[in-house]
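For reference, the structure discussed in these notes is given below.
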Amino acid sequence: MSVHPHPDNFGSYQRDMYDRLKKAFDEGEPVKCYVSRSDHSVSVIDNRMRPARMGVNILFAIVFSLSGGAALFAAIMGKVMHPNEHLTNASSGSADAGR
């Protein structure tokens, strides 16, 4: 029905769309539908961008970008602060394994 591939529960969009389509069906009114020129099996009834849906997508993008950036920063800082620690642990671990 919309440009977003999955249903959601942000606001009353789903209910409003149902009411709109049901009313048009009951009254025999046409409903504007956007069809892809290259693939006629792809169509959309509502091509508007919904602010609530975009807001959630942007929020997820920001949160995951910040957490990934923090993990990358921590990994880099760990290498900078303790550059040879992994070598010391690896050599002591292999020596203990041979005993």
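Things to note:
- Of all residues in segment 37-88 being of a type in the set (Ser, Thr, Tyr) and under 24 Å from the mean Cα position of the chain (by Cα), the one that is nearest to Met17 (Cα to Cα): Ser43
- Flag for Arg37 being farther than 27 Å from Phe10 by Cα, at pLDDT 90 or above and not aromatic (Phe, Trp, Tyr): yes
The values are calculated or read from the model by the stated rules, or taken from the named source; none is laboratory data. Computed from a predicted model, the values in this text were never measured in an experiment.
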